[in-house]
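**Student:** Sharing a structure below in structure tokens format, with a few things to ask.
The values are calculated or read from the model by the stated rules, or taken from the named source; none is laboratory data. Only a predicted model underlies this, so the values are computations on that prediction, with no experimental measurement involved. Virtual Cβ from ideal backbone geometry, glycine too; neighbours counted across all protein chains shown.
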Amino acid sequence: MPKRMKESEFNRAREELSVELVQLKEAGEGIRVKDAEAKKATGWWSSSRKRSAVQTSIKNYEIAVKDVSRRYELLKIQANYNRRAHPLFYVLKLILGLIFIIVTLLWIIHIVLYMVLCKNYTLQGLPLHPFLNNVFLWLEEHRTNFLAVACLGFFAYYLLWACVQGNIKFGMRMFCFTFYPMAPGETFMNSFLVNVLLFNIWSVALAHFCTLAFADYARFTDATLIFTVQLQHLVFFKYLWEYKVFLFALLGITVVSTFYLLCRPSDRIDVSKMLLKRKK
């Protein structure tokens with residue numbers, strides 16, 4: 001959240017950004033030199049190792065540029081605090097963050113109670129508790145079908161939004177993948193098309209997952225017939241569904257990523273370290 005700054009604080013922050021921009025320029029030149037050396041390298045092992053180092057440097061460089069751009073926009077807002085700062089916007093983000101924490105906990109509890117555990121506390125049998133299914137069915141029985149559909153859509157679109165954020169977070173931290181963030185007025189066509197492709201993939205997976213998660217509410221529908229009967233009895237995948245491999249993988253990734261993000265919440269890259277590596 002932007003705060004009011006004294007003129008001395010603003011000048012100091014501007015000088016720090018200027019220094020980082022110069023360092024980024026030098027780091028970019030260093031990456032260009034390393035890329036040229038990697039193209040001239042002979043031998044498969046040496047060439048592959050140098051290309052991998054170049055790709056890692058490019059990833060770090062992209063993250064550093066993104067961080068500097070974000071701090072520059074924040075500094076511009078702080079420089080014109082009275083005209084450009086909107087405190088209520090950040091209060092709204094705080095409220096939405098608390099709501100999303102509650103929604104995340106509800107999803108995890110629902111997955112454990114309805115999709116993982118059974119009444120005999122094994123992996124097979126009737127679900128331990130319907131949980132959110134009971135809420136949707138109660139809304140449907142009391143002539144508030146639109147609220148049930150709205151709640152279901154909210155929980156589903158929350159997962160879709162989480163996939164978008166996860167794509168950026170995962171791509172910025174795992175250097176074997178490329179991230180394609182979208183920003184207003186700054187999104188290239190290739191980034192837009194990649195995100196559209198990912199949206200199509202996520203939508204099918206999300207429809208499948210929500211059908212399984214809300215099977216009681218979505219009973220007697222075509223989606224239930226396709227996803228809970230036909231797909232779960234395929235020759236190979238039926239064993240994965242029987243032992244709930246996908247659900248345990250989902251919960252495991254959730255726990256690991258939570259602890260990882262708590263330990264390393266920032267994406268900021270120290271540009272000076274990039275320059276030291278270049279000099280070495």
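**Student:** Look through Asn167, Asn195 and report the one residue that is at pLDDT below 75 and of a type in the set (S, T, N, Q). Reasoning before the result, please.
**Tutor:** Details: Asn195 fails: at pLDDT below 75.
Only one candidate passes the filter, namely Asn167.
**Student:** Quick check: anything in the range 66-85 farther than 22 Å from Ser18 by Cα, at pLDDT 80 or above and either in contact with a helix residue (DSSP H, G or I) (Cβ under 7 Å, 6 or more places away or on another chain) or of a type in the set (D, E, K, R) (or both)?
**Tutor:** Within the range 66-85, not a single residue is farther than 22 Å from Ser18 by Cα, at pLDDT 80 or above and either in contact with a helix residue (DSSP H, G or I) (Cβ under 7 Å, 6 or more places away or on another chain) or of a type in the set (D, E, K, R) (or both).
**Student:** Let me ask something else about it. Which pairs turn up if I take residues in the range 93-115 that are within 21 Å of Ala249 (Cα to Cα) and look for partners that are part of a helix (DSSP H, G or I) and among the aromatic types (Phe, Trp, Tyr) with beta carbon separation below 9 Å, at least 6 apart in sequence or on another chain?
**Tutor:** Going by the 9 Å Cβ cut-off, the qualifying pairs are Val103/Phe154; Val103/Phe155; Val103/Tyr158; Thr104/Tyr158; Leu106/Phe155; Trp107/Phe155; Trp107/Tyr158; His110/Phe155.
**Student:** Additional query: Condition first: over 30 Å from the mean Cα position of the chain (by Cα), of a type in the set (Asp, Glu) and either closer than 18 Å to Asp67 by Cα or modelled with pLDDT under 85 (or both). Now tell me which residues in the range 3-32 satisfy that.
**Tutor:** Glu7, Glu9, Glu15, Glu26
**Student:** Among the residues of the range 139-153, is any in contact (Cβ under 8 Å) with a residue 24 or more places away in the chain and of a type in the set (Gly, Ala, Ser)?
**Tutor:** Yes, because at least one residue in the range 139-153 is in contact (Cβ under 8 Å) with a residue 24 or more places away in the chain and of a type in the set (Gly, Ala, Ser).
**Student:** I would also like to ask the following. Going through the range 116-159 one residue at a time, which ones are exposed (fewer than 13 other Cβ atoms within 10 Å of the Cβ), at pLDDT below 90 and under 20 Å from Leu250 (Cα atoms)?
**Tutor:** Across the range 116-159, the qualifying residues are Tyr121, Thr122, Gln124.
**Student:** Is one or more of the residues making up the range 204-215 modelled with pLDDT under 80, surrounded by 13 or more Cβ atoms within 10 Å (Cβ to Cβ) and not β-branched (Val, Ile, Thr)?
**Tutor:** No: the range 204-215 contains no residue that is modelled with pLDDT under 80, surrounded by 13 or more Cβ atoms within 10 Å (Cβ to Cβ) and not β-branched (Val, Ile, Thr).
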